[in-house]
Each structure stands twice: as structure tokens, then as C-alpha cells.
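Asks: Submitted below is the structure of interest, expressed as C-alpha cells.
Readers should treat all values here as calculations from the given coordinates under stated rules, not as data from a laboratory. Worth saying up front: this structure is predicted, and the values here are computed from it rather than measured. In this analysis, Cβ positions are derived from the backbone assuming ideal geometry, glycine residues included, and neighbour counts consider all displayed protein chains.
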Amino acid sequence: MSQIRAIKIGEAQYNVVQASAVQQKKLMLMLSGKIAMNSATGGVEEIDTKMLFGALMTLPESTFDEVASIVLHKTVLAGKSEIVTIDNFQGSISLYFKLVAEAVKFNLGDFFTWLDSENAAARAKKQAK
């Protein structure tokens, strides 16, 4: 069963439907290596949407578009029924990237929580030496 999360971006609220487990697996395989490397080498305490926004900016356009199609597959503006597309963000494209980053976090949050704890343990081990 899909979960739905209300995500506020700018002045608008979006209802984001979580991707299926199959699509989440695909998303994880597309992004996990980049996020793991960036968070470990950058000393990131917590993987948040700002960090994800930056990582998304470094993706090839086709990969970004695939990520967006997975995480926004049934996203609607609260109170509306039309599926949100990039066209809804004409003149405010950074808000689109923020929405994608929030939706990625929603879909891969369990992985990010685990990765944050692993990174914290690795930092603690280094400091103990």
C-alpha cells in the first residue's frame, strides 16, 4: 500500500505518493552510491533535502528526469487532481528540484537514516584513534 505525504514547497502544498518497492529499488540503485560518497566525504551529519538538492544537480539530465518520474509519479497539488509536471514550475525551476529532493527523501528515508548512523560510527571510530 502506498503512503502519501504532504510536502510544502514555497507557498504550495503537494501530495506525494510513495513509489512502489520495485521503483524504490531502482531509485536506490540510481542514487545510493552518489549519496553515500557525498555524505561520507563531506562529513554530513544528516542527509537532508539541501544535500539531496545538491546531489541531484550533478546528475545527467536523463537520470534526473528518471528520478523525478519515479518520485513524482502521482504527485498532485493539494486540492487538485491533475498530476504535477515540470511545466507547473515555469519560472521557478528551483522549486521543482526542491520538490524532487523532498520526494527522494520520502522514498529513501530508511536508507538515509541507516547511512547517517553508519557515517556517524565511522567518524567516531576515526576520532577515537
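Asks: Can you confirm whether the stretch 26-33 contains a residue that is within 23 Å of Arg123 (Cβ to Cβ) and either free of Cβ contacts under 8 Å to residues at least 40 places away in the same chain or small (Gly, Ala, Ser) (or both)?
Replies: yes
Asks: Restricting to the stretch 43-65, name every residue that is surrounded by 15 or more Cβ atoms within 10 Å (Cβ to Cβ) and farther than 13 Å from Phe106 by Cα.
Replies: Within the stretch 43-65, Val44, Met51, Phe53, Ala55, Leu56, Leu59, Phe64 qualify.
Asks: Say whether the condition of being more than 27 Å from Asn119 (Cβ to Cβ) and surrounded by fewer than 15 Cβ atoms within 10 Å (Cβ to Cβ) is met by at least one residue in the stretch 32-42.
Replies: Within the stretch 32-42, none of the residues are more than 27 Å from Asn119 (Cβ to Cβ) and surrounded by fewer than 15 Cβ atoms within 10 Å (Cβ to Cβ).
Asks: Right, something else. When residues of the stretch 53-101 are filtered for being under 20 Å from Ala21 (Cβ atoms) and not β-branched (Val, Ile, Thr), how many remain?
Replies: 6
Asks: Which residues, counting only those in the stretch 59-77, are in contact (Cβ under 8 Å) with a residue 40 or more places away in the chain and of a type outside the set (A, V, I, L, M)?
Replies: His73, Lys74, Thr75, listed by residue number.
Asks: Cβ contacts < 7 Å: first residue of a type in the set (A, V, I, L, M), restricted to the stretch 78-95; second residue in a loop (DSSP other than H, G, I, E, B), any location; separation 6+ or different chain. Result?
Replies: Note: pairs meeting the criteria are Ile83/Lys74; Ile83/Thr75; Val84/Leu72; Val84/Thr75; Leu95/Gly10.
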